[in-house]
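Remarks on the structure that follows.
The values are calculated or read from the model by the stated rules, or taken from the named source; none is laboratory data. Not measured: the values here are computed from a predicted model. Cβ sites come from the backbone with ideal geometry, for glycine too, and all protein chains shown count toward neighbours. These area figures cover heavy atoms from the full protein model, side chains too; ligands, DNA and RNA do not enter into them. Shrake-Rupley method; radii C 1.70, N 1.55, O 1.52, S 1.80 Å.
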Amino acid sequence: MPRHGAIVAVLALTGLASSFMFTLVVPIQAELPELLGASREDTAWVVTVTLLVAAITTPIAGRLGDMYGKRRIVLVLLVLLIIGSVIAAFSTSLIGVIIGRALQGAVVGVVPLGIAILRDVLHTSGVNSAIALISATLGVGGALGLPISAFITEFADWHIIFWVAAGIGAVCFGLVLWIVPVSVLRTPGSFDFVGAAGLAVGLTGILLVISRGNEWGWLSPATLALGLGGIVVLLIWGWYELQIAEPLLDLRVAARRPVLLTNFASIGMGFALFASNVVFPQILELPVETGAGLGLSLIAASLVVMPAGLVMMVLSPVSGRLAGVIGPRALLIMGAVALVAAYAFVLIAGNGVWQIFVSNILIGIGIGFGFAAMPMLIMRSVPQSETGASNGLNALFRSLGTSTAAAVMGAVLASSSTVQDGMQIPSAAGFHLTYILAGAGAVIALLLALFIPAHPAAEERHPSLPR
């Protein structure tokens, strides 16, 4: 049996690899139309498709892990990452890159699966810090990966970033196969293919509206059809899941107050996190002459943003110990307060480099505490047979927050922008409004956290997790 520290380290590395996929193409995003010979609207799918596939596959992968073995599904997702990265690395056309990026998006499911594995194999004394570390990788990988991608694309062919992703995936595959034990806790039964298809169709409609509605027009026929159609499909899906004996997701468990409030708080936390990923790099990189930017290079800007990820990583063992002392609910509240403080600080102190640096430190604290607390709150309130699916559902809600942030921040900045030398430049007022909206997302998460029960009901408790 491998040492528990090695298991945690390998699962953390897979989590870092998965979250790296979100910032992998950020350095070349503005150049994609020229690189791929396509319109800017079409190349936006290189980013959109990854978010879409990640949100859809994560809860499904969680359920498959509960049924067929969590390590087995982690290995499958890593294979999809490798295949997708190789496809994108060989591609010179838009379609090939989109297919590759879609397959890369599926790997995000390794984070909730890794958390569920930890619950199965670790002793009580170490499970909280380990969960905090794995959960934090959702933010850490993106923050640390951005300067890596920027450096590669600055000095090498852009295809290299996909070869690097394939190499990381291969290393993670080998380490998981070698170190992580085979899952022995399984949920018997048959897989709900109808439920999986219904969830995929419904979420596709909703997420397409969130991510592309600003470009298509919020009242355009396509937007309305997809949005209303997605809602109707999800309502029918929910009714169906409540009728069958072996659903994809047990909505009765998901409707428990601690689980439901935690999932909704996840939207606010994800929104507050991704808002900084959208807004801060733009402010840092826009030319000083525009009146709204600080004129940094992409590499310099990414180094200003990177400390948030380092803080999340450093805080993970602290988060685990704190959860054992004060409970995960209090930890989530502390995280939300730190996020509110981060956006309040830049609103009051201004948009200078050092102010953004300090705000990113506070965001790292907020996400480090908040993302650590959420899986603990979920797992103390669900049966062990539901850990993979329930953590996958929580990751889905976080994805809804990040996707919404990308759409809302993009719409706000676009509506406030003016054309200077052929470039659309957001105004200072637009950036201030994004801070207010991001802070509002954190406030909503804080209010929801306050209503989460401090102690789960007796039938919802699990003895290995903090009360």
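The table for this structure:
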| item | result |
| --- | --- |
| Single unsatisfied condition, V26 versus (1) crowded, with 22+ Cβ neighbours inside 10 Å; (2) of a type in the set (A, V, I, L, M); (3) modelled with pLDDT under 85 | (1) |
| Single residue of T204, T187 found to be part of a loop (DSSP other than H, G, I, E, B) and hydroxyl-bearing (S, T, Y) | T187 |
| Which listed residue is open to solvent by less than 10 Å² (accessible area, probe 1.4 Å), at pLDDT 90 or above, touching a His at 6+ places or on another chain (Cβ under 9 Å) and within 23 Å of I161 (Cβ to Cβ), from A88, A106 | A88 |
| Test: G139 is closer than 29 Å to V318 by Cβ and surrounded by 15 or more Cβ atoms within 10 Å (Cβ to Cβ) | yes |
| Residues being at pLDDT below 90, at negative phi and not hydrophobic (A, V, I, L, M, F, W, C) - total across region 205-227 | 5 |
| Index of the failed condition, I134 passing every other in (1) under 20 Å from L322 (Cα atoms); (2) open to solvent by 10 Å² or more (accessible area, probe 1.4 Å) | (2) |
| Identity of the residue in region 189-215, among the hydroxyl-bearing types (S, T, Y) and surrounded by 14 or more Cβ atoms within 10 Å (Cβ to Cβ), that ends up nearest to A102 (Cα to Cα) | T204 |
| Only listed residue being open to solvent by less than 10 Å² (accessible area, probe 1.4 Å), more than 17 Å from the chain's Cα centre (by Cα) and not aliphatic (A, V, I, L, M), chosen from P383, P375, P328 | P328 |
| Pair list, Cβ < 9 Å and 6+ apart or interchain, from region 407-419 residues that are farther than 11 Å from F274 by Cβ and assigned to a strand (DSSP E or B) to residues that are modelled with pLDDT of 75 or more and open to solvent by less than 20 Å² (accessible area, probe 1.4 Å) | T418/I425; T418/P426; V419/I425 |
| All positions within region 390-411 that are of a type outside the set (G, A, S), in contact with a Phe, Trp or Tyr (Cβ under 9 Å, 6 or more places away or on another chain) and either closer than 16 Å to G114 by Cβ or open to solvent by less than 20 Å² (accessible area, probe 1.4 Å) (or both) | R398, M409 |
| Boolean, I82 is modelled with pLDDT of 85 or more, among the aliphatic types (A, V, I, L, M) and under 14 Å from the mean Cα position of the chain (by Cα) | no |
| When residues of region 1-38 are limited to those that are among the hydrophobic types (A, V, I, L, M, F, W, C) and in a loop (DSSP other than H, G, I, E, B), the one nearest to M313 (Cα to Cα) | L24 |
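So that you can scan it fast, the table gives a plain yes or no per residue for (1) among the β-branched types (V, I, T); (2) closer than 24 Å to F369 by Cβ; (3) out of contact with any Lys or Arg (no Cβ under 9 Å at 6 or more places or on another chain):
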site	(1), (2), (3)
G114	no, yes, no
D120	no, no, no
I131	yes, yes, no
S135	no, yes, yes
G141	no, yes, yes
F155	no, no, yes
I160	yes, no, yes
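Yes/no per residue for (1) farther than 27 Å from A275 by Cα; (2) touching a His at 6+ places or on another chain (Cβ under 9 Å); (3) open to solvent by 70 Å² or more (accessible area, probe 1.4 Å):
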site	(1), (2), (3)
A143	no, no, no
I148	no, no, yes
F155	yes, no, yes
F162	no, no, no
L175	yes, no, no
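Residues are listed down the side, and each one gets a yes or a no for (1) in contact (Cβ under 8 Å) with a residue 12 or more places away in the chain; (2) surrounded by fewer than 20 Cβ atoms within 10 Å (Cβ to Cβ):
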site: S39; (1), (2): no, yes
site: T50; (1), (2): yes, no
site: V53; (1), (2): yes, no
site: T58; (1), (2): yes, no
site: A61; (1), (2): yes, no
site: L64; (1), (2): yes, no
site: R72; (1), (2): yes, yes
site: V79; (1), (2): yes, yes
site: I83; (1), (2): yes, yes
